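Okay, structure first, notes after.
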Amino acid sequence: MSASSWLTNPMFGLALSVLTYTAAQAIHRRWRFLHPLFVCSCFIIAVLLSFRIPYSAYKVGGDVLTLLLGPATVALGVPLYKHFALIKRNVVAILVSVTLGSLTSILCSAALVGLLGGSREILLSLLPKSVSSPIALEISRHLGGLPELTAVLTVLTGLWGSMIGRRLLQAMGCGDALSIGIAVGTAAHGIGTARLLKDSETEGSMSGFAMGAAGIMTSILFIPIYLWLG
């Protein structure tokens with residue numbers, strides 16, 4: 001098999017992703033602060049750059065794994081169902097927290113770009129970074145941002161939140177499962193939720209609910225922004 005045909009084979013991207021993530025899990029067990037997705041992403045980028053492999057070649061196999069995102073997201077409904085009583089008792093506080101958290105994310109992103117003198121395109125690409133990628137990309141596209149940049153910023157936000165979210169919240173005195181779950185789900189979407197689920201089903205279920213609520217609230221909050229820009 002020639003090198004070109006090997007690279008365009010879906011098994012290349014699939015095997016590289018699986019093997020790299022397996023190695024990243026082993027590294028995570030040794031150094032807990034290193035998120036497996038962060039290590040995995042850095043290694044794959046290094047491999048593609050070092051061997052000058054086009055991203056399109058890797059994406060052929062990577063898209064196979066992307067198909068699993070739908071079932072994985074739906075699976076979050078299981079812990080939500082198991083902890084529905086806790087969510088119901090605190091639904092008003094949760095929705096208020098998610099709304100304020102989503103609004104804070106938008107305002108902080110705008111302030112950061114303004115202080116650093118970023119362009120309009122960067123601003124519009126950064127604003128929806130704290131919601132899950134499909135929602136963030138659509139918001140960015142409708143605002144006139146760069147969806148590719150939004151995708152990168154969204155993933156980085158999730159990775160950063162998953163690595164330091166719980167530690168930061170505990171250092172600030174927010175140590176209960178409800179507070180941690182809602183905060184991480186609002187700020188770090190699916191990546192943060194997956195990280196919490198590994199250690200606590202309660203935190204993960206709260207985070208999953210917050211992630212979905214944040215996606216809805218952020219979309220609503222962007223309506224006046226969209227109308228203003230239009």
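Return one number: the angle in degrees, 0 to 90 and rounded to the nearest 10, between the long axis of the Cα atoms of helix 201-229 and the longest principal axis of the Cα atoms of the chain.
On a 0 to 90 degree scale, this one is about 80.
Heads up, I need the accessible area for LEU34: 1.4 angstrom probe, whole protein in place, Å², nearest 10.
Accessible area of LEU34: about 40 Å².
Roughly how many Å is it from the Cα centre of the stretch 109-126 to that of the stretch 179-230, as a whole number?
22
Under 10 Å, Cα contacts only: if you run a Gaussian network model on the chain, which one of THR186, THR22, THR218 comes out with the highest mean-square fluctuation?
THR22
Can you tell me what the convex hull of the Cα atoms of the stretch 147-201 projects to on average, as an area in nm²?
3.5
Just the number please: accessible area per residue for the stretch 120-204, 1.4 Å probe, all protein chains included, in Å².
Normalised by residue count, the accessible surface of the stretch 120-204 is 44 Å².
Below 8 Å between Cα atoms, with a sequence gap of 6+, how large is the relative contact order for the chain in percent?
Relative contact order here is 18 percent.
When Cα Rg over 2.2 N^0.38 Å is calculated directly from the model, which label among (1) 1.03; (2) 1.07; (3) 0.94 fits?
Checking each listed value against the structure points to (2).
Within the chain, which is the longest segment that contains none of the trypsin sites (Lys or Arg not before Pro) sitting in a DSSP loop with at most 16 other Cβ atoms within 10 Å? Before the final figure, lay out the partial values.
Working: sites that count: ARG32, ARG52.
Maximal segment without exposed cleavage sites: 53-230.
So how much slack lies between LEU68 and ASP199, counting 0.36 nm per residue of separation and subtracting their Cα-Cα distance, in nm?
45.0 nm
If you line up the long axis of helix 147-171 against the longest principal axis of the chain, both from Cα atoms, how many degrees apart are they, to the nearest 10?
The angle comes out at about 60 degrees.
How far, in nm, would the chain grow between LEU48 and VAL92 when pulled straight, counting 0.36 nm per residue and subtracting the alpha carbon separation?
Here the segment from LEU48 to VAL92 would lengthen by 11.2 nm.
Using the Cα centre as the reference, give the magnitude of the dipole from point charges on the C-beta atoms of the chain (Lys, Arg: +1; Asp, Glu: -1; all else neutral), rounded to the nearest 20 debye.
That gives a dipole near 380 debye.
For the chain, set up a Gaussian network in which alpha carbons nearer than 10 Å are linked by springs, and say which option among GLY165, GLY173, GLY13 fluctuates the most.
The residue that fluctuates most here is GLY173.
Rank these residues by their accessible area, most exposed first, probe 1.4 Å: GLU138, GLU148, GLU203.
GLU148, GLU138, GLU203
Mind checking which of PHE209, PHE38, PHE51 has the largest fluctuation in a GNM of the chain, springs on alpha carbons under 10 Å?
PHE51
Give me, ordered by chain and number, the residues 5 or more places off LEU34 or on other chains with an amide H under 5 Å from its own placed amide H.
none
Can you find, among LEU14, GLY175, TRP228, the residue farthest towards the positive end of the dipole of the chain? Put +1 on the C-beta of Lys and Arg, -1 on that of Asp and Glu.
Farthest along the dipole direction, towards plus: GLY175.
Stretched out fully, how many nm does the piece from LEU123 to ALA26 gain, at 0.36 nm a residue minus the Cα gap?
31.2 nm
Give the calculated FRET efficiency between LEU107 and VAL60 to the nearest 0.05, with a Förster radius of 30 Å applied to their Cβ-Cβ distance. Intermediate values should be presented prior to the final figure.
Numbers: r = 40 Å, r/R0 = 1.33.
Once rounded, the FRET efficiency stands at 0.15.
The values are calculated or read from the model by the stated rules, or taken from the named source; none is laboratory data. This one's a predicted model, so the numbers in the text were calculated from it and none came from an experiment. Positions of Cβ are backbone-derived with ideal geometry, glycine not excepted, and every protein chain shown enters the neighbour counts. Ligands, DNA and RNA are excluded from the accessible area calculation, which covers all protein heavy atoms including side chains. Shrake-Rupley method; radii C 1.70, N 1.55, O 1.52, S 1.80 Å.
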